[in-house]
Amino acid sequence: MPFHLHSETASAAAPSIPVRSDVSPADTWDLTPLYANEEDWEADLKILQTEYPKISEFLGRVGENTETLRAALEFEKAVGIRVEQLNQYAALRVTEDSANAEALAREARLESLLLRVGEAFSFVVPEIQSLSDEKFALYLKDEALAEWIIPLQKLRRQKPHTLSANEERLLALGSSAVRGHGETFSQLTNVDMNFGSVRDGTGTERELSQSSFSSFLQQADPSVRKDAFKKFYAEFGAHQFTLASSLANSVRADVFYARARNHPSAIEASLFSDDVPLSVYDNLIASVRGGLKPLHRYFSLRKRILGLEEIHHYDTYAPMIADMQSCVPWDEAVVKVLSALAPLGEEYLATLGQGLRAGRWCDRYENKGKRSGAFSYGTYTSPPYIMMNYKSDVFSDVYTLAHEAGHSMHTWYAQRAQSHQNYHYPIFLAEVASTFNEILLTEHLLASTEDPKMRAFIINRQIDDLRGTLYRQTMFAEYEKAIHATEEAGDALTLDAFKHLYRELLVPYFGNDFVLDEELDLEGLRIPHFYGGFYVYKYATGISAAVALARQVLETGDATRYLDFLRMGGSKFPIEALKEAGVDMTTPEPVDAALRLFEERVDELETLLA
């Protein structure tokens, strides 16, 4: 179908952000496949409370023979499936409204129970690890454990980092307290903070929030962008010491667990579980650092095209192509995404289309108290739900829909091809499937227009996507490495330290012809992923692998190899899975190819705008 954008029109008064009870059910996710109502959730919780203590029957016996080992693993699996479903429902209900006392209480009760579950099961892994190498190798040859070979082999890798049963019990008991900073950050930023309001380009007073912030930054009027930026960061500035304390505790938790489990460093502890060499992380940073000139050239082009005397961070999201502000309603966005993903075949399209429409996989729009951003959350027995804060005037939200749909379909294929113990793919692979969809969307939109102005608009969109996913996330990865190294060196992670370390990265990444406002130093405290430790680099490696895989599908017209990659789930380590799909992430080539694509797009945009 032809691609078009609607011109932006002014309304007399912009609606305020609704409360959850005022949102149309058709625009929300349908959680009844999980539980028909809260009473069913409570009933399942009681079953968990009754069932999990039975693991004690295996205490001291887990490895006595292959049949007992299999029985223990199968019991743990059954409990795990129930925990997944209980946890998903509780988490999604809190996501809907972080101020909902009933939902918060439900989640807190489950979290308390899961601490006891973790404590009860804490002996299982140490008992498996206590098996001699000879006995373990012999067990793997037994047909009784045929379905468990992959997870057992992965588990055995962890032997040097598995503690005694009593020590594992203590780590399980303390996990909630040690990781409490994440909840503090979420409640502070999603509930307590009040950003006020800003007049948009039409003069309409609109509420400023974490979700609407991106919409304001895409306004054509630079004074609106600046006002939104200043007010947004003023609220973060008012809480900067609390945020710094939360992030410092997050880093300390990462370092604590790494040391407790005998890893050389927090970053190596994080990479170990995916069997990703440290060289992959370092090669990413080195390649991107070596490819900053096209990024600086793009900022200069943006400054010139927008007619700015100086360029600030709040100018980097505004549309560069005049009179092309977008208005893409939800239903139209779904059509665009499905059309773009046509190379993936009828099964993919039919499943996703049903999920986004009648299946109500997606919670579409913002409401008061709803978590900001977007995510996909699926378990082995549930629909792969999508949370969004979709705005028709933010064209990047169409890309966000494609992105989250990639995650959800990855889950859908893995659910059907793998056992529960092998279906869950790591984030390293998840970010390949999501950014792959974004690349197909761009190629589809470019193929749907012959208008040079429209082509410039779409290319600009991909440039910004690569900038945000490859360059920006790599800068974030450098920051995470620096703040963890600071803690490991015994230096203080104070507010000033965080701001200083972040400023040291802003300067080279944005270049000399860029004004770095003082408020931007606070960005290093507000990114949610920083409170999870070494997540963001996977966006950059993911889009690099996705560029290669998308080229493969589009050039050959055959998506079989890619769909097989989705079906692998977590049955293989990320580097191995990608090699089977045709991408070797142990070499710099995939990252370098993505950087070349960025430079080619900047070259083309300069030509189109000349």
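The values are calculated or read from the model by the stated rules, or taken from the named source; none is laboratory data. This is a predicted model, so every value here is computed, not measured. Here the Cβ positions follow ideal geometry from the backbone for every residue, glycine too, while neighbour counts run over all protein chains shown.
Can you give me the number of residues within segment 177-209 that are among the charged types (D, E, K, R) and either over 20 Å from residue 234 (Cβ atoms) or part of a helix (DSSP H, G or I) (or both)?
Step one: of segment 177-209, the residues among the charged types (D, E, K, R) are 179, 183, 192, 199-200, 205-207.
Keeping just the survivors that are either over 20 Å from residue 234 (Cβ atoms) or part of a helix (DSSP H, G or I) (or both) gives 179, 183, 192.
So the count comes out to 3.
Right, residue 589: surrounded by fewer than 17 Cβ atoms within 10 Å (Cβ to Cβ) and farther than 15 Å from residue 276 by Cβ or not? Show your work before the answer.
Numbers: surrounded by fewer than 17 Cβ atoms within 10 Å (Cβ to Cβ): yes; farther than 15 Å from residue 276 by Cβ: yes.
Yes: the conditions hold for residue 589.
Kindly indicate whether residue 355 is outside any helix (DSSP H, G or I) and either farther than 30 Å from residue 103 by Cβ or at pLDDT 95 or above (or both). Quick ask: steps written out before the conclusion?
Numbers: outside any helix (DSSP H, G or I): no; either farther than 30 Å from residue 103 by Cβ or at pLDDT 95 or above (or both): yes.
The answer is no for residue 355.
Could you grab me the full set of residues in segment 48-60 that are free of Cβ contacts under 8 Å to residues at least 24 places away in the same chain and either assigned to a loop (DSSP other than H, G, I, E, B) or of a type in the set (Asp, Glu) (or both)?
Kept after step one, since they are free of Cβ contacts under 8 Å to residues at least 24 places away in the same chain, are these residues of segment 48-60: 50, 54, 57.
Once the filter is applied, which keeps residues that are free of Cβ contacts under 8 Å to residues at least 24 places away in the same chain and either assigned to a loop (DSSP other than H, G, I, E, B) or of a type in the set (Asp, Glu) (or both), segment 48-60 yields only 57.
I'd like the full set of residues that are among the aliphatic types (A, V, I, L, M) and over 27 Å from residue 237 (Cα atoms), limited to segment 517-552. Walk me through how you get there before you give the answer.
Applying the first criterion (among the aliphatic types (A, V, I, L, M)) to segment 517-552 yields 520, 522, 525, 527, 536, 540, 543, 545-550.
540, 543, 545, 546, 547, 548, 549, 550 - these are the residues of segment 517-552 that are among the aliphatic types (A, V, I, L, M) and over 27 Å from residue 237 (Cα atoms).
From 382, 419, 392, 376, grab the single residue that is under 15 Å from the mean Cα position of the chain (by Cα), of a type in the set (S, T, N, Q) and surrounded by fewer than 24 Cβ atoms within 10 Å (Cβ to Cβ). Working first, answer last.
Details: 382 fails: under 15 Å from the mean Cα position of the chain (by Cα); 419 fails: under 15 Å from the mean Cα position of the chain (by Cα); 392 fails: under 15 Å from the mean Cα position of the chain (by Cα).
Residue meeting the stated conditions: 376.
For segment 93-105, enumerate the residues that are assigned to a helix (DSSP H, G or I) and either among the charged types (D, E, K, R) or surrounded by fewer than 16 Cβ atoms within 10 Å (Cβ to Cβ) (or both). Quick ask: steps written out before the conclusion?
Pass one, segment 93-105, residues assigned to a helix (DSSP H, G or I): 93-96, 101-105.
Residues satisfying the conditions are 93, 96, 101, 102, 105.
Counting only residues that are over 30 Å from residue 498 (Cβ atoms) and in contact with a Phe, Trp or Tyr (Cβ under 9 Å, 6 or more places away or on another chain), which one in segment 452-465 is surrounded by the fewest Cβ atoms within 10 Å (Cβ to Cβ)?
We begin by selecting, within segment 452-465, every residue over 30 Å from residue 498 (Cβ atoms); these are 452-462.
Subset that is in contact with a Phe, Trp or Tyr (Cβ under 9 Å, 6 or more places away or on another chain): 454, 457-458, 461-462.
Details: 454: 19, 457: 23, 458: 25, 461: 24, 462: 21.
Only one residue fits best here, namely 454.
Only one residue in 540, 559, 594 is in contact with a helix residue (DSSP H, G or I) (Cβ under 9 Å, 6 or more places away or on another chain) and more than 20 Å from residue 293 (Cα to Cα). Which one?
Working: 540 fails: more than 20 Å from residue 293 (Cα to Cα); 594 fails: more than 20 Å from residue 293 (Cα to Cα).
Matching residue, one of 540, 559, 594: 559.
Check whether at least one residue in segment 157-164 is at pLDDT below 95, surrounded by fewer than 17 Cβ atoms within 10 Å (Cβ to Cβ) and more than 30 Å from the chain's Cα centre (by Cα), and report yes or no. Write out each step before concluding.
Filtering segment 157-164 down to residues at pLDDT below 95 leaves 157-164.
Remaining after also requiring surrounded by fewer than 17 Cβ atoms within 10 Å (Cβ to Cβ): 157-161, 164.
Filter once more, so that each one left must be more than 30 Å from the chain's Cα centre (by Cα): 164.
Yes, segment 157-164 contains at least one residue that is at pLDDT below 95, surrounded by fewer than 17 Cβ atoms within 10 Å (Cβ to Cβ) and more than 30 Å from the chain's Cα centre (by Cα).
Take residue 468 and tell me if it is out of contact with any helix residue (DSSP H, G or I) (no Cβ under 6 Å at 6 or more places or on another chain), surrounded by fewer than 19 Cβ atoms within 10 Å (Cβ to Cβ) and part of a loop (DSSP other than H, G, I, E, B). Steps first, please.
Working: out of contact with any helix residue (DSSP H, G or I) (no Cβ under 6 Å at 6 or more places or on another chain): yes; surrounded by fewer than 19 Cβ atoms within 10 Å (Cβ to Cβ): yes; part of a loop (DSSP other than H, G, I, E, B): no.
So residue 468 does not fit the description; no.
Look through 90, 108, 72 and report the one residue that is part of a helix (DSSP H, G or I) and out of contact with any helix residue (DSSP H, G or I) (no Cβ under 8 Å at 6 or more places or on another chain).
On the way: 90 fails: out of contact with any helix residue (DSSP H, G or I) (no Cβ under 8 Å at 6 or more places or on another chain); 72 fails: out of contact with any helix residue (DSSP H, G or I) (no Cβ under 8 Å at 6 or more places or on another chain).
None of the others qualify; the one that does is 108.
With the requirement that a residue be closer than 30 Å to residue 374 by Cα and in contact (Cβ under 8 Å) with a residue 40 or more places away in the chain, what does segment 113-140 give you? Before the answer, list the steps.
Within segment 113-140, the subset closer than 30 Å to residue 374 by Cα is 113-115, 117-118.
Matches in segment 113-140: 113, 115, 117, 118.
Any chance you could count how many residues in segment 256-285 are surrounded by fewer than 16 Cβ atoms within 10 Å (Cβ to Cβ), touching a residue at least 12 places away in the same chain (Cβ under 8 Å) and under 24 Å from residue 577 (Cβ atoms)?
So the answer is 4.
Residue-by-condition table, conditions (1) surrounded by fewer than 17 Cβ atoms within 10 Å (Cβ to Cβ); (2) over 17 Å from the mean Cα position of the chain (by Cα); (3) modelled with pLDDT under 95:
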{"site": "500", "(1), (2), (3)": "yes, yes, no"}
{"site": "506", "(1), (2), (3)": "no, yes, no"}
{"site": "510", "(1), (2), (3)": "no, yes, no"}
{"site": "536", "(1), (2), (3)": "no, no, yes"}
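Within the set of pairs 6+ apart or on separate chains, which have a first residue in segment 196-221 that is at negative phi, a second that is of a type in the set (Lys, Arg) and in a loop (DSSP other than H, G, I, E, B), and C-beta atoms under 8 Å apart?
The qualifying pairs are 211/370; 211/391; 212/391; 214/391; 215/391.
Can you name the condition, by its number, that residue 441 falls short on among (1) under 19 Å from residue 548 (Cβ atoms); (2) free of Cβ contacts under 8 Å to residues at least 12 places away in the same chain?
The failed condition is (2).
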